Amino acid sequence: MGIERVQLGVRMEKRMVKVLKGLAEFEDTSLAQLLEKIVLHSFEPVAGQEGEAAASPHSTRALAAIADLRRVYGLDDDVHQSRRYREDAS
């Protein structure tokens, strides 16, 4: 299937980016392809839990790698903490 990709300028929390880059390398894929995979999976509800849960694109092996990368880069935030993110004035 042919698709058209566009350049996207986004800002993300630094430790999160490090974990994502490490995961992309672990999965031998590009960061862009990893993000597309994560987003597409987030659009897929878990049957019977629509609005409550989304499908995960990560294997058990990848989840273990994510846990290691989060530990290495000090990303201990949970899914709800992003609501409290604020940028430091620099």
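Just so it is clear, none of the values below were taken in a lab; they were calculated from the coordinates. From a predicted model like this one, the values you see are computed outputs, not experimental measurements. So basically every Cβ, Gly included, is an ideal-geometry build from the backbone, and we count neighbours across all protein chains shown.
In the range 59-81, what count of residues is obtained for those that are without any contact (Cβ under 8 Å) to a residue 24 or more places away in the chain and closer than 27 Å to Q7 by Cα? The number of residues fulfilling the criteria is 1. Considering (1) assigned to a loop (DSSP other than H, G, I, E, B); (2) under 22 Å from G74 (Cβ atoms), the lone condition that L8 does not fulfil carries the number (2). Figure legend. Inter-residue proximity from the range 12-38: first residues at negative phi and surrounded by fewer than 16 Cβ atoms within 10 Å (Cβ to Cβ), second residues in a helix (DSSP H, G or I) and charged (D, E, K, R), beta-carbon distance below 8 Å, spacing 6+ or different chains. Indicated pairs: T29/K37; L31/K21. Of all residues in the range 48-90, those satisfying the criterion of being among the acidic types (D, E) and either touching a helix residue (DSSP H, G or I) at 6+ places or on another chain (Cβ under 6 Å) or surrounded by 11 or more Cβ atoms within 10 Å (Cβ to Cβ) (or both) are D68, D77.
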